[in-house]
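K.L.:
What follows is a structure written as structure tokens; I'll ask about it next.
Each value in this text was obtained by applying a stated rule to the coordinates, not by laboratory testing. These figures come from a predicted structure and were not determined experimentally.
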Amino acid sequence: MSAFYIRLPRLFQAFQLARGDGSYLKELSRLARIDLLVLDWGLLPLQDIDRRELLEILEDRHGRRSTIVTSQLPVDKRKTRTEKKDKS
């Protein structure tokens, strides 16, 4: 069984570099093959691109592999960290 832990900010930073060097799809494929992926959300709000990338990871793994998303952020505060801010 393979397992991998990573903080989301570091993962999103790695994705940014992977998009630049053309290895983004390879990186997504690698993550999809890991038996247990532990994602540490941390305390920072998610940007639009972060939300899309996280959804991509979760969709690739759904029904195939196990994923744990953890955070030190209290549950009642998490929704505001994922919602898109109004620009009004």
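K.L.:
If one takes the longest principal axis of the Cα atoms in the chain, at what angle in degrees, from 0 to 90 and to the nearest 10, does the Cα axis of helix 24-33 lie?
P.N.:
Around 80 degrees separate the two axes.
K.L.:
Tilt of helix 8-21 relative to the longest C-alpha principal axis of the chain, in degrees (0 to 90, nearest 10)?
P.N.:
Long axis of 8-21 versus the principal axis of the chain: about 60 degrees.
K.L.:
Is the chain rounded, prolate or oblate when judged by the Cα gyration tensor, a ≥ b ≥ c being the square roots of its eigenvalues, rounded requiring a/c under 1.5 and prolate requiring a/b larger than b/c?
P.N.:
Values: a/c = 1.96, a/b = 1.30, b/c = 1.51.
Note, shape of the chain comes out oblate.
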